[in-house]
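Colleague: Handing you this structure, nothing more for now.
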Amino acid sequence: MNKIRVGVVGVGALGQHHARVYAGLPNVDLVGVVDTLPGRAAEIARPLQTGSFTDYRHLFGKVDAVSIATPTTLHTDVGEAFLREGVHVLVEKPISNSLEGADRLISDAAAAGRVLQVGHLERFNPAVRALREIVKRPRFFEAHRMGLFSPRSLDIDVILDLMIHDLDIICLLSPSPLCSITAVGIAILTNRIDIANARLQFEDGCVANVTASRVSMEKIRKLRLFQKQDYISLDYTRQDVAVYSLSRPAAAGSPQIISSKLTPVKKEPLEEELLSFISAIRNGTQVECTGAEGRQALGLALQILAQAEKAQAREIDTTPAAFYT
């Protein structure tokens with residue numbers, strides 16, 4: 001089979017791994033990487049024996065597909081440029097920094113007849129895939145995604161940066177429409193919200209409590225959920241799922257709690273994501289996260305952000321003047 005020619009635009013903390021994985025995939029030719037930071041593209045390209053560029057337009061005519069791992073504010077403009085050149089696009093999450101930008105990407109992909117995949121990486125976590133097989137009708141979620149402070153992704157707040165991962169997974173597991181959202185958030189080390197909590201209520205009665213922080217002292221990636229007779233705890237980092245179920249004996253006797261653990265074969269989610277992207281291009285298979293699904297996650301994140309910013313503004317307005325002296 002002819003190799004699919006790929007490029008990576010933006011080789012920072014995440015984009016460098018896109019390049020690494022592509023370089024090891026069969027039937028894929030990593031044509032080059034792009035970064036505007038002087039020397040960065042060459043630094044990443046050298047060990048992978050690929051080309052390096054400082055302008056993404058130098059990939060036009062050379063690639064069939066690209067990963068876009070630039071700052072979020074550039075996703076729409078860069079993605080549109082490649083789609084209009086007939087290039088398939090995998091754009092890192094969030095799909096854009098605005099719904100209008102997401103709509104432009106979706107429209108351009110449809111017009112060009114090209115694949116548009118959104119990089120919601122946790123969908124490819126083996127533990128998430130195992131969890132999706134056993135979830136029936138969840139009634140309550142508790143999600144915690146905490147991380148150490150890093151200078152990456154400071155063009156967006158923690159809701160679009162980290163919380164959006166869990167929002168996407170929760171909406172997959174509880175597809176009922178939302179009926180209410182409340183949220184709070186605080187800017188601590190940046191001028192954007194660095195820690196946030198949201199409470200989501202779905203029309204079927206399910207409730208989700210979601211917390212994200214990028215100023216924590218430890219890294220936590222956990223999702224807990226309750227459904228009838230089950231408590232399920234997923235650890236994204238360990239890639240395992242603990243299940244605690246109520247067992248009612250057939251004969252007379254007290255109910256018991258039975259515990260079990262799902263330990264799927266560990267895989268690198270990014271490799272699974274890129275394999276899915278390449279398969280969609282080569283075989284016409286459905287991508288795991290479409291532009292429309294990426295837009296849905298973005299829309300929810302933006303609603304939470306708006307609520308959190310309002311709450312933060314109210315708190316500032318009611319702070320006694322003496323506090324600032």
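Colleague: Taking Thr318 and the conditions (1) in contact with an Asp or Glu (Cβ under 8 Å, 6 or more places away or on another chain); (2) polar (S, T, N, Q); (3) at pLDDT below 95, which numbered condition does it fall short on, given that it satisfies the others?
Modeller: Status for Thr318: all satisfied but (1).
Colleague: Looking at the stretch 210-226, which of its residues are out of contact with any helix residue (DSSP H, G or I) (no Cβ under 9 Å at 6 or more places or on another chain) and farther than 20 Å from His120 by Cα?
Modeller: Answer for the stretch 210-226, where residues must be out of contact with any helix residue (DSSP H, G or I) (no Cβ under 9 Å at 6 or more places or on another chain) and farther than 20 Å from His120 by Cα: Ser216, Met217, Glu218, Phe226.
Colleague: Follow-up question, since we're still on this one. List the strands (runs of 3 or more DSSP E) inside the stretch 201-288, counting only whole elements, that have at least 2 residues being touching a residue at least 40 places away in the same chain (Cβ under 8 Å) and assigned by TED's automatic domain parsing to the domain that holds Thr182.
Modeller: 207-213, 220-227, 230-235, 240-247
Colleague: While we're on this one: Taking Val9 as the residue in question, decide whether it is of a type outside the set (Ser, Thr, Tyr) and within 22 Å of Gly291 (Cα to Cα).
Modeller: So Val9 fits the description; yes.
Colleague: Next question, about the same structure. Looking at (1) touching a helix residue (DSSP H, G or I) at 6+ places or on another chain (Cβ under 9 Å); (2) farther than 30 Å from Tyr22 by Cβ; (3) of a type in the set (Ser, Thr, Tyr), which one does Tyr236 not meet, given that it meets all the others?
Modeller: (2)
Colleague: Within the stretch 153-171, how many residues are part of a loop (DSSP other than H, G, I, E, B) and in contact with a Pro (Cβ under 6 Å, 6 or more places away or on another chain)?
Modeller: Residues in the stretch 153-171 being part of a loop (DSSP other than H, G, I, E, B) and in contact with a Pro (Cβ under 6 Å, 6 or more places away or on another chain): 1 in total.
Colleague: Given the residues Asp168, Asp155, Asp161, which is the only one that is surrounded by 22 or more Cβ atoms within 10 Å (Cβ to Cβ) and modelled with pLDDT under 95?
Modeller: Asp161
Colleague: Let me ask you something else. Regarding Ser276, is this residue closer than 27 Å to Ser233 by Cα and under 16 Å from the mean Cα position of the chain (by Cα)?
Modeller: Considered against the rule, which asks whether it is closer than 27 Å to Ser233 by Cα and under 16 Å from the mean Cα position of the chain (by Cα), Ser276 comes out as yes.
Colleague: Tell me yes or no: at least one residue of the stretch 225-239 is surrounded by fewer than 16 Cβ atoms within 10 Å (Cβ to Cβ) and at pLDDT below 95.
Modeller: Yes, because at least one residue in the stretch 225-239 is surrounded by fewer than 16 Cβ atoms within 10 Å (Cβ to Cβ) and at pLDDT below 95.
Colleague: Let me ask you something else. Here are the criteria: (1) small (Gly, Ala, Ser); (2) more than 16 Å from the chain's Cα centre (by Cα); (3) farther than 20 Å from Gln16 by Cβ. Tell me which single one Ser150 does not satisfy.
Modeller: The single condition Ser150 does not satisfy is (3).
Colleague: How many residues are surrounded by 17 or more Cβ atoms within 10 Å (Cβ to Cβ), assigned to a loop (DSSP other than H, G, I, E, B) and modelled with pLDDT under 95 when one looks only at the stretch 114-152?
Modeller: So the count comes out to 1.
Colleague: Right, here's the next one. So if I check each of Ser176, Ser180, Ser254, which one is exposed (fewer than 15 other Cβ atoms within 10 Å of the Cβ) and more than 25 Å from Leu300 (Cα to Cα)?
Modeller: Ser254
The values are calculated or read from the model by the stated rules, or taken from the named source; none is laboratory data. The structure displayed is predicted, hence computed values, not measured ones. Counting neighbours? That spans all protein chains shown, and the Cβs are built from the backbone with ideal geometry, glycine included.
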